[in-house]
Amino acid sequence: MNRFVYTRPRKTTTPAKKRFAVGANVLVKTPGVWGVVTQLDDEPTVFWEYWHTVRTDRGECREPGSNLELVPRPISDTEPDWSRKVAQNIHIHGDNSRLNVNSTDNSTNIVSESKEEQLFVQMQEAARSVTDDTEREDVVSLLAELQKAHGSGGFLQAYQNFMASAANHMTLFAPFLPMLAQMLSNK
(Lines give C-alpha, C1' and ligand atoms only; values in the text may rest on other atoms or scores of the structure.)
Protein backbone atom coordinates (compact mmCIF):
# COMPACT_ATOMS: atom_id res chain seq x y z
CA MET A 1 0.00 0.00 0.00
CA ASN A 2 1.34 3.32 -0.97
CA ARG A 3 0.61 6.06 1.49
CA PHE A 4 1.35 9.65 1.07
CA VAL A 5 2.84 11.18 4.19
CA TYR A 6 2.82 14.93 4.48
CA THR A 7 5.70 16.40 6.43
CA ARG A 8 5.87 20.00 7.50
CA PRO A 9 8.87 21.95 6.29
CA ARG A 10 11.42 22.70 8.93
CA LYS A 11 11.66 26.21 10.14
CA THR A 12 15.06 27.55 9.30
CA THR A 13 16.06 30.81 10.76
CA THR A 14 19.01 32.73 9.52
CA PRO A 15 21.05 34.35 12.21
CA ALA A 16 20.89 38.12 12.39
CA LYS A 17 23.65 39.78 10.43
CA LYS A 18 26.40 41.17 12.62
CA ARG A 19 26.91 44.91 12.49
CA PHE A 20 29.50 46.69 14.68
CA ALA A 21 29.65 50.38 15.54
CA VAL A 22 32.53 52.61 14.47
CA GLY A 23 35.17 52.56 17.21
CA ALA A 24 34.24 49.06 18.39
CA ASN A 25 37.14 46.79 19.34
CA VAL A 26 36.83 43.56 17.39
CA LEU A 27 38.68 40.34 16.75
CA VAL A 28 39.05 39.50 13.06
CA LYS A 29 38.51 35.74 13.32
CA THR A 30 40.53 34.91 10.25
CA PRO A 31 43.54 35.68 10.49
CA GLY A 32 43.00 36.19 14.24
CA VAL A 33 44.09 39.79 14.80
CA TRP A 34 42.70 42.58 16.96
CA GLY A 35 41.33 45.72 15.36
CA VAL A 36 39.08 48.75 15.58
CA VAL A 37 36.11 49.35 13.26
CA THR A 38 36.63 52.60 11.33
CA GLN A 39 33.73 52.39 8.85
CA LEU A 40 30.76 50.17 8.05
CA ASP A 41 28.36 49.84 5.15
CA ASP A 42 24.76 51.02 5.49
CA GLU A 43 23.29 48.05 3.65
CA PRO A 44 24.22 44.37 3.40
CA THR A 45 26.16 43.70 0.19
CA VAL A 46 28.27 40.66 -0.73
CA PHE A 47 26.93 37.47 0.87
CA TRP A 48 24.16 39.64 2.35
CA GLU A 49 26.58 40.77 5.04
CA TYR A 50 27.40 44.18 6.47
CA TRP A 51 31.01 44.90 5.51
CA HIS A 52 33.29 46.77 7.90
CA THR A 53 36.61 48.57 7.47
CA VAL A 54 38.83 47.44 10.33
CA ARG A 55 42.16 49.03 11.28
CA THR A 56 44.62 46.46 12.60
CA ASP A 57 48.34 46.51 13.28
CA ARG A 58 48.77 45.10 9.77
CA GLY A 59 46.83 47.95 8.14
CA GLU A 60 43.21 48.40 7.13
CA CYS A 61 41.07 45.57 5.79
CA ARG A 62 37.47 45.04 4.70
CA GLU A 63 35.70 42.26 6.58
CA PRO A 64 32.13 40.91 6.68
CA GLY A 65 30.36 40.98 10.03
CA SER A 66 30.43 37.18 10.15
CA ASN A 67 34.25 37.27 10.40
CA LEU A 68 34.23 39.71 13.32
CA GLU A 69 33.71 39.15 17.00
CA LEU A 70 33.07 41.95 19.49
CA VAL A 71 35.72 42.30 22.17
CA PRO A 72 34.23 43.82 25.31
CA ARG A 73 36.12 46.66 26.93
CA PRO A 74 37.72 45.79 30.23
CA ILE A 75 36.23 47.36 33.32
CA SER A 76 39.06 49.73 34.19
CA ASP A 77 40.18 53.30 33.66
CA THR A 78 42.86 52.42 31.13
CA GLU A 79 42.42 51.15 27.61
CA PRO A 80 44.30 48.03 26.53
CA ASP A 81 47.29 48.45 24.22
CA TRP A 82 45.53 46.90 21.23
CA SER A 83 42.67 49.43 21.33
CA ARG A 84 44.92 52.41 20.73
CA LYS A 85 45.37 53.88 17.30
CA VAL A 86 47.85 52.00 15.17
CA ALA A 87 49.36 55.06 13.50
CA GLN A 88 49.08 58.73 14.32
CA ASN A 89 50.79 61.70 12.74
CA ILE A 90 52.06 64.28 15.18
CA HIS A 91 53.35 67.66 14.03
CA ILE A 92 55.24 69.72 16.60
CA HIS A 93 56.41 73.22 15.83
CA GLY A 94 56.92 76.58 17.50
CA ASP A 95 58.86 77.79 20.49
CA ASN A 96 59.31 75.34 23.37
CA SER A 97 57.02 72.76 21.78
CA ARG A 98 56.73 69.37 23.46
CA LEU A 99 54.68 66.21 23.39
CA ASN A 100 52.75 64.91 26.41
CA VAL A 101 51.44 61.37 26.37
CA ASN A 102 48.77 60.48 28.93
CA SER A 103 49.82 63.44 31.09
CA THR A 104 48.92 67.04 31.78
CA ASP A 105 51.28 69.81 30.71
CA ASN A 106 51.86 72.13 33.68
CA SER A 107 54.97 73.77 32.26
CA THR A 108 55.38 77.46 31.44
CA ASN A 109 56.82 78.69 28.16
CA ILE A 110 59.29 81.53 28.27
CA VAL A 111 60.29 82.81 24.84
CA SER A 112 63.12 85.28 24.63
CA GLU A 113 62.07 86.86 21.33
CA SER A 114 61.87 90.63 21.69
CA LYS A 115 58.77 92.63 20.91
CA GLU A 116 60.63 94.37 18.09
CA GLU A 117 61.49 91.02 16.46
CA GLN A 118 57.85 89.95 16.72
CA LEU A 119 56.77 93.27 15.22
CA PHE A 120 58.99 92.84 12.17
CA VAL A 121 57.87 89.24 11.65
CA GLN A 122 54.20 90.30 11.77
CA MET A 123 54.88 93.20 9.42
CA GLN A 124 56.59 90.84 6.95
CA GLU A 125 53.48 88.64 7.01
CA ALA A 126 51.27 91.69 6.38
CA ALA A 127 53.56 92.84 3.56
CA ARG A 128 53.09 89.50 1.77
CA SER A 129 49.37 90.27 1.40
CA VAL A 130 50.01 93.33 -0.83
CA THR A 131 48.43 92.36 -4.14
CA ASP A 132 50.58 94.32 -6.62
CA ASP A 133 53.89 92.53 -7.21
CA THR A 134 56.12 95.59 -7.64
CA GLU A 135 54.61 97.39 -4.64
CA ARG A 136 54.98 94.20 -2.57
CA GLU A 137 58.67 93.94 -3.51
CA ASP A 138 59.25 97.61 -2.61
CA VAL A 139 57.46 97.30 0.75
CA VAL A 140 59.28 94.07 1.63
CA SER A 141 62.72 95.47 0.73
CA LEU A 142 62.11 98.74 2.63
CA LEU A 143 60.82 96.75 5.61
CA ALA A 144 64.03 94.69 5.55
CA GLU A 145 66.06 97.94 5.51
CA LEU A 146 63.96 99.27 8.42
CA GLN A 147 64.64 96.11 10.43
CA LYS A 148 68.36 96.29 9.63
CA ALA A 149 68.48 99.98 10.66
CA HIS A 150 66.74 99.28 13.98
CA GLY A 151 69.00 100.32 16.82
CA SER A 152 71.22 102.48 14.62
CA GLY A 153 71.32 106.15 13.67
CA GLY A 154 69.73 105.50 10.25
CA PHE A 155 66.42 104.24 11.67
CA LEU A 156 64.59 107.58 11.15
CA GLN A 157 65.49 107.73 7.45
CA ALA A 158 64.57 104.04 6.94
CA TYR A 159 61.27 104.69 8.76
CA GLN A 160 60.44 107.64 6.48
CA ASN A 161 61.28 105.62 3.34
CA PHE A 162 59.13 102.71 4.51
CA MET A 163 56.16 104.95 5.41
CA ALA A 164 56.31 106.66 1.99
CA SER A 165 56.21 103.27 0.25
CA ALA A 166 53.55 101.78 2.54
CA ALA A 167 51.23 104.83 2.41
CA ASN A 168 48.87 103.07 -0.05
CA HIS A 169 48.57 100.12 2.33
CA MET A 170 47.93 101.80 5.67
CA THR A 171 45.03 99.46 6.44
CA LEU A 172 47.58 96.63 6.55
CA PHE A 173 50.18 98.46 8.61
CA ALA A 174 48.00 100.63 10.88
CA PRO A 175 48.09 98.11 13.78
CA PHE A 176 51.90 98.36 13.82
CA LEU A 177 52.20 102.18 13.83
CA PRO A 178 52.09 102.68 17.64
CA MET A 179 54.98 100.26 18.15
CA LEU A 180 56.99 101.88 15.35
CA ALA A 181 56.36 105.32 16.88
CA GLN A 182 57.56 104.01 20.25
CA MET A 183 60.72 102.72 18.55
CA LEU A 184 61.26 106.21 17.09
CA SER A 185 60.86 107.89 20.46
CA ASN A 186 63.44 105.56 22.05
CA LYS A 187 66.14 106.85 19.71
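The values are calculated or read from the model by the stated rules, or taken from the named source; none is laboratory data. Remember, it's a predicted structure, so these values are computed and weren't measured experimentally. Methodologically, a virtual Cβ is constructed for each residue, glycine included, from the backbone with ideal geometry; neighbour enumeration extends over all protein chains shown.
Of the residues that sit in the range 33-88 and are under 29 Å from SER103 (Cβ atoms) and hydroxyl-bearing (Ser, Thr, Tyr), which one is modelled with the lowest pLDDT? Checked the range 33-88; the qualifying residue modelled with the lowest pLDDT is SER83. Surrounded by fewer than 17 Cβ atoms within 10 Å (Cβ to Cβ), modelled with pLDDT of 85 or more, touching a helix residue (DSSP H, G or I) at 6+ places or on another chain (Cβ under 8 Å) and among the aliphatic types (A, V, I, L, M): does that describe VAL121? So VAL121 fails the test. If you go through the range 128-175 and pick out every residue that is modelled with pLDDT under 85 and closer than 15 Å to LYS115 by Cα, you end up with 2.
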